[in-house]
Amino acid sequence: MPNLGGATEWLNTESFTSAPLDEAELRGNVVLVDFWTLTCINWLRTLPYVRAWSRAYRNDGLVVIGVHTPEFSFEHEIDRVRQAVKERTIDYPVGVDNDYAVWTAFDNHYWPALYFVDRDGIIRDHHFGEGRYPQSERVIQRLLGVERELVSVAGLGVEAEADWDHLRSPETYLGYARSERFAAPGGAAFDESRNYQPPQRVSLNDWALDGEWTVAAEKVVLDRAGGSISYRFHARDVHLVLAGPGGSLPFRVLLDGEAPDQAHGVDIDNDGNGLLRDGRLYQLVREPDEVRERTVQIIFGEPGAEAYVFTFG
């Protein structure tokens with residue numbers, strides 16, 4: 001197994017004698033290495049399985065190791081990682097890979113990524129992205145030398161499996177380095193404040209800004225209170241990765257110009273009101289009825305809001 005020593009800090013290693021965890025510490029155990037980043041919806045939807053496997057097979061000799069390799073700049077902050085570990089009830093060791101040293105040692109390219117390591121330290125299998133859960137658990141059982149019924153898993157909230165049959169909207173980055181389908185009459189101005197006006201009609205999977213915003217490489221930043229972001233989507237769930245200057249920044253979500261009511265996500269109420277407190281993924285919409293094409297608008301009551309990427313489920 002590649003070296004884990006490049007992690008800049010370790011969490012949840014109280015039951016081990018060394019941190020970073022080394023070959024001697026792990027020898028004789030089956031190891032599952034899980035690369036993640038706290039804002040990734042794909043990782044969040046795999047987490048219920050990884051968490052369940054850790055608890056179900058711990059006494060059989062399985063050691064799960066999370067490796068948090070940040071995607072966005074604010075994800076380098078160790079306190080945010082600690083908070084995510086606590087909120088997601090992750091009780092296995094987590095290496096903080098801010099310098100991408102462990103990522104590079106594994107030659108990894110994806111979030112999430114699972115590497116299945118046998119008792120001799122040899123990687124025997126890997127899987128990138130969501131799905132393949134029964135097969136992955138059977139790999140764990142085979143490496144452990146056990147055979148029993150698979151664990152029962154049901155993700156809740158943002159961890160719930162996507163409604164793949166009705167998902168028609170893709171992950172959409174907002175910063176100009178990876179942005180697509182930005183509906184901005186007159187185009188975007190990079191790294192400078194501009195007063196944007198949305199087009200009269202936003203097509204499916206297009207997004208638009210309204211108000212004074214700065215479009216930066218990895219995010220868009222609101223420069224004056226009252227600005228908004230709109231997206232025309234077709235999905236059950238709408239998520240948006242947000243960060244801010246600190247404190248509590250109020251925002252409101254509208255669906256087709258109205259309060260979301262029963263279609264509100266876990267991070268807003270029926271009237272669409274929410275608070276941006278921490279840099280993380282916010283679930284704005286969960287459609288309880290028929291999934292159809294709709295427009296979501298997020299209006300921010302104060303400047304300083306940073307928006308990074310829309311994801312859907």
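The values are calculated or read from the model by the stated rules, or taken from the named source; none is laboratory data. Values in this document were obtained by computation on a predicted structure and should not be read as measured data. FYI the Cβ positions are ideal-geometry reconstructions off the backbone, even for glycines, and counts take in every protein chain you see.
A compact table of results
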quantity	calculated
Failed item, numbered, when L38 is tested on (1) surrounded by 21 or more Cβ atoms within 10 Å (Cβ to Cβ); (2) part of a helix (DSSP H, G or I); (3) of a type outside the set (K, R)	(2)
Residue tally, condition under 15 Å from T37 (Cβ atoms) and in contact with a His (Cβ under 7 Å, 6 or more places away or on another chain), over region 114-130	1
Hits in region 208-219 - residues which are closer than 14 Å to S73 by Cβ and buried (at least 22 other Cβ atoms within 10 Å of the Cβ)	K219
Test: R201 is more than 23 Å from R286 (Cβ to Cβ) and either among the aliphatic types (A, V, I, L, M) or surrounded by fewer than 17 Cβ atoms within 10 Å (Cβ to Cβ) (or both)	yes
Restricting region 58-75 to residues that are of a type outside the set (A, V, I, L, M) and under 26 Å from V146 (Cα atoms), the residue that is surrounded by the most Cβ atoms within 10 Å (Cβ to Cβ)	G66
Condition met for Y173 (over 20 Å from R280 (Cβ atoms) and out of contact with any Gly (no Cβ under 9 Å at 6 or more places or on another chain))	no
Those residues of region 18-53 which are under 21 Å from A105 (Cβ atoms), touching a strand residue (DSSP E or B) at 6+ places or on another chain (Cβ under 8 Å) and either of a type in the set (F, W, Y) or modelled with pLDDT under 95 (or both), in sequence order	A19, P20, L21, L26, F35, W36, W43
From L254, L240, L275, L249, residue being surrounded by 21 or more Cβ atoms within 10 Å (Cβ to Cβ), out of contact with any Asp or Glu (no Cβ under 7 Å at 6 or more places or on another chain) and either at pLDDT 95 or above or at positive phi (or both)	L240
Q135, sole failed condition from (1) surrounded by 14 or more Cβ atoms within 10 Å (Cβ to Cβ); (2) not in a loop (DSSP other than H, G, I, E, B)	(1)
Count - residues of region 170-187 that are over 22 Å from the mean Cα position of the chain (by Cα) and surrounded by fewer than 17 Cβ atoms within 10 Å (Cβ to Cβ)	3
